[in-house]
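Please read the structure below before turning to the comments.
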Amino acid sequence: MRVTTAFNKILAVPGAWVTSVRFTPNGVVVGLRGRRRRPTCPCGWKGRVVHDRSTRQWRHLDLGASKLFLEAEIRRIHCRRCERVRTEAVEWARPRARHTRDFEDVVAWLCQHTDKTTVVKLLRTSWETVASIVGRVVAEHIDTRRLEHIYRIGVDEVSWRQGHRYLTVVADHDHDGAVIWAHEGRDHTVLERFYDELGEDGCAALEAVSLDMGGAYKTATDAKAAQARQCVDPFHVVKLANEAIDKTRRWAWNVERRTNPAPKRRRGRPPAGSTPPPNKPRWVKHTRWALLKDPDALTDDQLAVLDTLRCQRSVLYRCWQLKEGLRDLYRLRHPEHARVHLDWWLAWACRCRIPSFVTLSKTIRANRDRILAAVELGLSNSKLEGLNSKIRLINHRGYGHHSAAALISMIYLCCGGITLELPTER
Ligand SMILES: [Zn+2]
């Protein structure tokens, strides 16, 4: 069997024949000849007059341990539809790519599943290449009609870089919380831009928008989709309660440090049989997870910590009760009781004489109707909460992204409901 025939069978490049095979220090270079006689513009227009010709190489999936390149003559045409000179489209690669479609699909599939360093090392490529490949694959696969038939959305901000750099992310509650839009920034103009892209009809069809308690997204929604019911995400409410607990815990720790400082350690080995003196400030500091975790997920040690706090009539135990009381709002068996429950909680919190919870009760009172709307509409935002941490993970997996555009492409790839097929699955 001739070597070109063998490579034709192994590679089965769509729309081309193998005409030559060269072994170079960089890897194997496979020469191709395209089957198309008339060059075709990426827009679909078929040309007749060739502007010029050149030879181009595309990196393909590795052959054993050696790199494999496809090489073919590529023509440029003056496209009448695009009204400019463009390079012809080839079937084995995307326009403007220097990698084949199969190679790019493998890169994108790996990016959905693992971190960028692994992808770069495994496929012997660079971070910049991975970023531009992801951009191209997302542009091809993303559903261009994803902004149609949108009724219930969730809006959230995600911090992606130090120095207060944020993204605004919009997810569709009715499609498993898939990300439908993302943009850099977190002020009201950013969300207004989304509403503009949605169009007037799209905004008018919105039924519910879940938001955080900040004013920016509210301003934009009031201006562009006033009829939609606004809800405050349960995730943000519970997060504020957790922050209030943390504040009180730090205060309690400082009080303990002042009144009960930890005894200084003596030099040398402690005498045999002696027990180290209790370190009260450190104990208070370590109550954190017992106070913040979901009660169902507490370990025995953490339950013991809560029990000790209860016996000591600690202020931290009352904080914990207040937080769980607030979380009960989202665990009610009959959502119609939410109004009574929240009013009872507000009455309790504003008289509790714990400063951080008094402040919290004021914030919650100001957002009372929007919090109740979330319970009534049953907008569980566990998906959005999961999304928030997933985006953080994506950012972390890329060790931070050099640009917001690169991160947004990655978010669409991993959270935008894109399913990719590997070349081996076709
Ligand atoms: Zn064209």
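Data overview
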read-out: Placed amide H near ARG165: partners under 5 Å, 5+ positions off or other chain; value: TRP160
read-out: Farthest toward positive dipole pole in the chain [+1 Lys/Arg, -1 Asp/Glu at C-beta], among ALA304, THR189, LEU372; value: ALA304
read-out: Helix 404-415 vs. the chain, principal-axis angle (Cα, 0 to 90°, nearest 10); value: 80
read-out: Length-normalised contact order for the chain - Cα pairs under 8 Å, 6+ apart - percent; value: 14
read-out: Using a Förster distance of 41 Å, the FRET efficiency for GLN227-GLU324 (Cβ separation, nearest 0.05); value: 0.70
read-out: Pair SER20, ARG161: separation of 7 Å Cα→Cβ label points (nm); value: 4.5
read-out: Euclidean distance of C-alpha centroids, region 170-221 and region 43-79, integer Å; value: 42
read-out: Other-chain or far-sequence residues with amide H under 5 Å of ALA16's (modelled H); value: ARG35
read-out: Given charges at beta-carbon only (K, R positive; D, E negative), |dipole| of the chain in Debye; value: 2000
read-out: In range of the label at ARG392: residues from region 205-230 whose backbone nitrogen is under 19 Å from the point 7 Å along Cα→Cβ; value: 211-214
read-out: Ranking of GLU336, GLU256, GLU104 by count of other Cβ atoms within 10 Å, fewest first; value: GLU336, GLU256, GLU104
read-out: Residue-count net charge about THR299 - beta-carbon cut-off 14 Å; Lys, Arg +1, Asp, Glu -1; value: -3
read-out: Interchain or long-range residues, amide H under 5 Å from CYS231's placed H; value: VAL209, SER210, LEU211
read-out: Degrees, to the nearest 10: 127-141 long Cα axis against longest axis of the chain; value: 80
read-out: On Cα atoms only, tilt of 188-205 relative to the major axis of the chain in degrees; value: 80
read-out: Region 349-364-region 279-335 distance, computed between alpha-carbon centres (Å); value: 17
read-out: Region 103-178, relative contact order in percent, only Cα pairs under 8 angstrom and at least six apart counted; value: 21
read-out: Förster-model FRET efficiency, 45 Å R0, ALA205 and ARG365, C-beta, rounded to 0.05; value: 0.90
read-out: Pairwise label distance in nanometres, HIS149 with VAL255, each label 7 Å out on the Cα-Cβ vector; value: 5.7
read-out: Alpha carbon Rg of the chain, scaled by the compact-globule rule 2.2 N^0.38 Å; value: 1.35
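Each value in this text was obtained by applying a stated rule to the coordinates, not by laboratory testing. Keep in mind that what you see is a predicted model, and the values were worked out from it rather than measured. Positions of Cβ are backbone-derived with ideal geometry, glycine not excepted, and every protein chain shown enters the neighbour counts.
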